[in-house]
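Participant: Quick one: this structure, given as structure tokens, is what I'll be asking you about.
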Amino acid sequence: MKPIETFRRVDKTGIRYVLTDIDDTLTVKGRLPAVVFAAMEDLQRFGIRVVPITGRPAGWCDHIARMWPVDGLVGENGAFYFQYDVREKKMTRRYWKSKEERISDRTRLNGIREKVLADVPGCAVAADQAYREADLAIDFCEDVPPLPMPSAQAIKAIFENAGATAKISSIHVNGWFGDYDKLSMSRLMFKEVFKEDLDAVRGQMIFCGDSPNDSPKFGFFPHSVGVANVRAFEAQLEVLPTWVTRAEGGFGFAEMVKILLDR
């Protein structure tokens with residue numbers, strides 16, 4: 001991982017989009033610093049679109065799409081994208097699976113939930129689960145005393161043994177049924193909202209993240225950035241980000257934006 005200061009000026013001028021994780025990438029100890037909002041507003045003033053790519057729930061994503069300085073977002077690890085048209089006062093909600101499929105999946109996920117809680121001491125259903133529409137989030141670090149990584153891996157294995165997809169973030173293990181992920185929904189969003197082929201324009205984007213479930217995006221986007229706390233997961237990352245910031249979380253994101261816009 002190279003220091004973010006080495007990001008070349010010639011590459012900066014071609015960036016049109018910033019895609020970013022939220023938890024521990026924009027936040028610091030669970031809070032969102034003011035510098036993050038300022039950084040996102042600065043990006044938009046420069047004509048750079050901002051798109052969070054998160055595991056957070058539909059309820060939160062509705063708020064984020066409406067209230068944050070963003071141009072849309074992907075939520076629940078790719079279950080949907082939301083995009084709010086400020087001028088038309090219209091929200092677009094695009095799901096990967098139908099409402100009927102999501103209801104059926106919920107019944108199956110409830111069975112997995114009971115096994116996880118019984119087999120992995122100390123974990124809990126995530127506090128934001130009530131606002132989710134497609135996945136099950138198990139907390140191993142956010143509102144419970146932090147569990148060791150083998151516990152998170154055990155939760156992941158229970159999901160997978162039941163036929164679900166599962167990803168470990170910095171705070172949750174998220175599980176769902178379906179062949180989608182953050183990258184596949186991002187492709188769909190860029191095609192439908194921005195009229196862009198994600199694969200064709202990925203060199204015009206920065207992806208910023210912090211944890212193992214961001215590793216596929218670190219590999220996909222040539223301009224990938226890890227905030228400093230990504231180093232804690234270095235041994236677990238299949239692909240490392242190209243660059244890394246000096247500061248952690250949202251302060252690292254703001255650091256990256258300042259360097260990007262210094263042209």
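Participant: Calculate how steeply helix 58-67 sits against the longest principal axis of the alpha-carbon atoms of the chain, using the helix alpha-carbon long axis, and give the answer as 0 to 90 degrees to the nearest 10.
Facilitator: The answer is roughly 20 degrees.
Participant: Stokes-Einstein D for region 184-263 at 37 °C, 0.692 mPa s, Kirkwood Rh over Cα pairs, in µm²/s?
Facilitator: This corresponds to a translational diffusion coefficient of 249 µm²/s.
Participant: Are there GluC sites (Glu not before Pro) in region 1-93 that DSSP marks as loop and that have at most 11 other Cβ atoms within 10 Å, and which are they?
Facilitator: Glu88
Participant: From the backbone phi of region 112-122, what are the Karplus-calculated ³J(HN,Hα) couplings (6.51 cos²θ - 1.76 cosθ + 1.60, θ = phi - 60°) in whole Hz, Gly and Pro given as x?
Facilitator: Once rounded to whole Hz, the list reads 5, 3, 5, 5, 4, 5, 6, 9, 10, x, x.
Participant: Averaging sequence separations of C-alpha pairs under 8 Å and six or more residues apart, then dividing by the length of region 28-136, give the relative contact order as a whole percent.
Facilitator: 22
Participant: Using label points projected 7 Å from each Cα along Cα→Cβ, tell me how many nm separate Val10 and Gln153, to one decimal.
Facilitator: With each label placed 7 Å out from Cα toward Cβ, I get 4.2 nm.
Participant: Which GluC sites (Glu not before Pro) in region 206-263 sit in a loop by DSSP (not H, G, I, E or B) and have at most 14 other Cβ atoms within 10 Å of their own Cβ?
Facilitator: Glu238
Participant: So who's got an amide H within less than 5 Å of the one on Ser224, skipping anything under 5 residues away but keeping other chains? H placed 1.01 Å off N, in plane.
Facilitator: The answer is Phe207, Thr242, Trp243.
Participant: Taking H placed 1.01 Å from N in the peptide plane, check which residues at least 5 places from Val125 or on another chain put their amide H under 5 Å from its amide H.
Facilitator: Excluding prolines and chain starts, which carry no amide H, the hits are Asp139.
Participant: For region 145-263, calculate the relative contact order in percent as a whole number, restricting contacts to Cα pairs under 8 Å that are 6 or more residues apart.
Facilitator: Relative contact order for region 145-263 comes out at 15 percent.
Participant: How many Å² of accessible area per residue for the chain, probe 1.4 Å?
Facilitator: The answer is 45 Å² per residue.
Participant: Could you please tell me the mean projected area of the C-alpha convex hull for region 1-64, averaged over all directions and given in square nanometres to one decimal?
Facilitator: With the hull built on Cα positions only, its mean projection is 5.5 nm².
Participant: Alpha carbon centre of region 54-68 versus region 185-204: separation in Å?
Facilitator: 20
Participant: In degrees between 0 and 90, to the nearest 10, how far off the longest principal axis of the chain does helix 149-161 point, with axes built from Cα atoms?
Facilitator: On a 0 to 90 degree scale, this one is about 70.
Participant: What spacing in nm lies between the two simple spin-label points modelled at Ser104 and Arg231, each 7 Å away from Cα in the Cβ direction?
Facilitator: Simple spin-label model gives 4.8 nm for this pair.
Participant: Another question, then. Can you give me the long-range amide H partners of Val50? Hydrogens built in the peptide plane at 1.01 Å from N, cutoff under 5 Å, separation of 5 or more residues or another chain.
Facilitator: Distant-sequence amide H within range of Val50: Val18, Asp71.
Participant: Treat each spin label as a single point 7 Å out from the Cα along the C-beta direction, and report the Gln204 to Arg246 distance in nm.
Facilitator: 3.2
Participant: Could you grab the relative contact order for the chain? Cα pairs under 8 Å, six or more apart, rounded to a whole percent.
Facilitator: 25
Participant: Tally the DSSP beta bridges in the chain and give the antiparallel ones as a percent, rounded to 5.
Facilitator: Bridges in the chain are about 55 percent antiparallel.
Participant: Grab the eigenvalues of the alpha-carbon gyration tensor for region 106-257, scale each by 5, take roots, and send me the semi-axes largest first in whole angstrom.
Facilitator: Each semi-axis is √(5λ); the values are 28, 20, 13 Å.
Participant: Using Cα springs under 10 Å in a Gaussian network model of the chain, which residue among Pro212, Pro150, Pro57 shows the largest mean-square fluctuation?
Facilitator: Between Pro212, Pro150, Pro57, it is Pro150 that shows the largest mean-square fluctuation.
Participant: Then there's this: When the helices in the chain are scored as -39500 (n - 2.57) per DSSP H run of 4 or longer and the sum is shared across all residues, what 222 nm value do you end up with, to the nearest 500 deg cm²/dmol?
Facilitator: -10500 deg cm²/dmol
Participant: Filter the trypsin sites (Lys or Arg not before Pro) in region 84-185 to those in DSSP coil with at most 10 other Cβ atoms within 10 Å of their Cβ, and list the result.
Facilitator: The qualifying sites are Arg87, Lys89.
Participant: Determine by what factor the alpha-carbon radius of gyration of the chain differs from 2.2 N^0.38 Å, reporting the quotient.
Facilitator: Output field value: 0.97.
Participant: Could you work out the pair-distance distribution P(r) of region 15-117 from its alpha-carbon pairs, with 10 angstrom bin width and percents rounded to whole numbers?
Facilitator: 14, 40, 30, 13, 3
Participant: Now for a separate question. Helix 34-45 against the longest principal axis of the chain: what's the angle in degrees, Cα atoms only, rounded to the nearest 10?
Facilitator: Roughly 60 degrees, rounded to the nearest 10.
Participant: Whenever you get a sec, compute what percent of the accessible area on the chain sits on carbon and sulfur atoms (1.4 Å probe).
Facilitator: For the chain, the apolar C and S fraction of the accessible surface comes to 51 percent.
The values are calculated or read from the model by the stated rules, or taken from the named source; none is laboratory data. Just so it is clear, the model here is predicted, and its values are computed rather than measured. Note that we place each Cβ from the backbone using ideal geometry, even for glycine, and neighbour counts take in every protein chain shown. Accessible surface areas use protein heavy atoms only, side chains included; no ligands, DNA or RNA. Shrake-Rupley method; radii C 1.70, N 1.55, O 1.52, S 1.80 Å.
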